[in-house]
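These notes concern the structure reproduced below.
Quick note: the coordinates plus some simple rules give every number you see, no bench work behind them. Keep in mind it's a predicted model, so treat the numbers as computed, not measured. Positions of Cβ are generated from backbone atoms using ideal geometry, with glycine treated the same way; all protein chains shown enter the neighbour counts.
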Amino acid sequence: MSSKILTANNCGNLNRLIKLRRNLHSRAELSGKEEQTAETLLIFLKHQHPDLLVTSMGGHGIIAVYKGEIPGNTIMLRCDMDALPILEDTELSHRSVTSGVSHKCGHDGHMAIMAGVASRLKENRPACGTVILLFQPAEETGMGAARVIDQLEYQPDFCYALHNLPGFPMGEIITRHGSFASASKGMIVNLTGKSSHAGEPLKGITPAPAVASLISYFGRISQYSEGVFITLIHATIGEISFGTSPANATVMATLRASTTAEMNELSQNTVREVTRIADEKNLKLKISWAEEFPATENADIPNRIILQAAKQLGINCITLKKAFPWSEDFGHFTQKYQGALFGIGAGLDTPPLHSPDYDFPDQLIPIGINVFNVIIERSLEL
Ligand SMILES: [Zn+2]
Ligand SMILES: [Zn+2]
């Protein structure tokens, strides 16, 4: 395959990809509801003549498969499809027409990049091996990747994904060997005691002291260690009824750790302490979990391939000293396969991800395509 550099000047495709990106942006859809997004992508992808197109992956996901003439490695590239429940605050002509929903994480740009990779593969089909382009739904809720993996009939040898990163120089590559993005999960603690008349609180079992202990414990553990902490997010006790001492309480917190091993330890310690507090106050306890993201842990070989691709293309590479505190559901892929996620700087002055005035910078589209293209070449050669 050719690794000819795709620029704004020499690529007729680029305008088509920018148009696609803006079209996807204007019709933003929430996690798990990416129906029109999938339809738009499908029309585009059919014209890129993959050997196989599979729809309904993990919901509205799509895979486009390009096969070489001789066997070889299976490489998977993944982009995400979903938007966020954020009201767009821009005057852009392509601003979202979906009320209260907009592409504020740049997944519209990630899809345009992947569409560009498909377009390139149409002209430069792999000589060997298999290339799978995955358009994955429901990244923001942490549901999509796991559902896709359940349905995936391929065993990728290597998998890759990128995320645009405002706050870093435009077009530069950001990598890290090992953990790139943190593990996180929501903990829901339900406590049940016994209600009583507010005039006779000692005849009941109120969960109030246990809630106070939990809030204090979660606050203390926020200092646990670098990259490992808990954020208290919600707490309720009883009903608004001045005649009743409450029986029920709910406390919710987000656990976060740089690596999956640290997350396992944090979870075990937290469950042990929450159980001790509930037992001490004679309360029934139910713990449940939500929005679980494993850490995105970059493996040796794919991380090295990303660095080599950046070098080959003359792109400056920034190596992170520590993992990002945010999570990415690409972690489900790096748990199961050898994979790596890398960042592309979206500009030092670009508004941050998930802010209402953010818009994916179109100049990253050709850069993303070029990097993925070299990654494919090098991964197939291994
Ligand atoms: Zn996001
Ligand atoms: Zn994102």
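With an 8 Å Cα cut-off and a minimum separation of 6 or more residues, compute the relative contact order for the chain in percent. 24 percent. Annotation: peptides 117-128, 340-351, ranked by per-residue average of other Cβ atoms within 10 Å with the highest first, follow the order 340-351, 117-128. Contact order, relative form, for segment 183-293: 43 percent (alpha carbon pairs under 8 Å, 6 or more residues apart, mean separation divided by residue count).
Shown is the FRET efficiency for Ser93 and Val54, computed with R0 = 35 Å from the Cβ-Cβ distance and rounded to the nearest 0.05: 0.55.
With neighbours defined as other Cβ atoms within 10 Å of a residue's Cβ, the residues Trp326, Trp289 order from fewest to most as Trp289, Trp326. Note on the chain: with charges restricted to the Cβ of Lys and Arg (+1) and Asp and Glu (-1), its dipole about the Cα centre is near 260 debye. Give me the distance between the Cα centres of segment 183-239 and segment 57-135, rounded to whole Å. With segment 183-239 and segment 57-135 each reduced to a Cα centre, they are spaced 41 Å. Going from the fewest other Cβ atoms within 10 Å to the most, the residues Ile70, Ile277, Ile237 appear in the order Ile70, Ile237, Ile277.
What's the angle, to the nearest 10 degrees (0 to 90), between helix 364-381's Cα axis and the longest principal axis of the chain? Around 80 degrees separate the two axes. Straight-line cross-link reach from Lys311 at under 25 Å between alpha-carbon atoms covers these lysines, not counting any fewer than eight positions away in the same chain: Lys4, Lys321, Lys322. Estimated at 0.36 nm per residue, the fully extended path between Gln36 and Asn282 surpasses their Cα-Cα distance by 83.4 nm. The modelled label-to-label distance for the pair Ala127/Ala235, using points 7 Å beyond Cα in the direction of Cβ, is 6.4 nm. Computed from Cα atoms, the angle from the helix 208-221 axis to the main principal axis of the chain rounds to 40 degrees. Legend: residue pairs Lys194/Lys281; Lys33/Lys67; Lys203/Lys286, Cα-Cα distance threshold 18 Å; pairs beyond threshold, Lys33/Lys67; Lys203/Lys286. Counting neighbouring Cβ atoms within 10 Å and putting the fewest first, the residues Leu283, Leu92, Leu202 line up as Leu202, Leu92, Leu283. Loop-resident trypsin sites (Lys or Arg not before Pro) (DSSP state other than H, G, I, E or B) in segment 261-358 with no more than 15 further Cβ atoms inside 10 Å of their Cβ: Lys321, Lys322. Once backbone amide H atoms are built at 1.01 Å from N, Phe180 has Thr296, Glu297, Asn298 as its partners under 5 Å, excluding neighbours fewer than 5 places away on the same chain.
Residues in segment 281-289 carry Karplus couplings, in order, of 9, 6, 10, 6, 10, 10, 10, 10, 10 Hz; the curve used is 6.51 cos²θ - 1.76 cosθ + 1.60 with θ = phi - 60°, and Gly or Pro positions show x.
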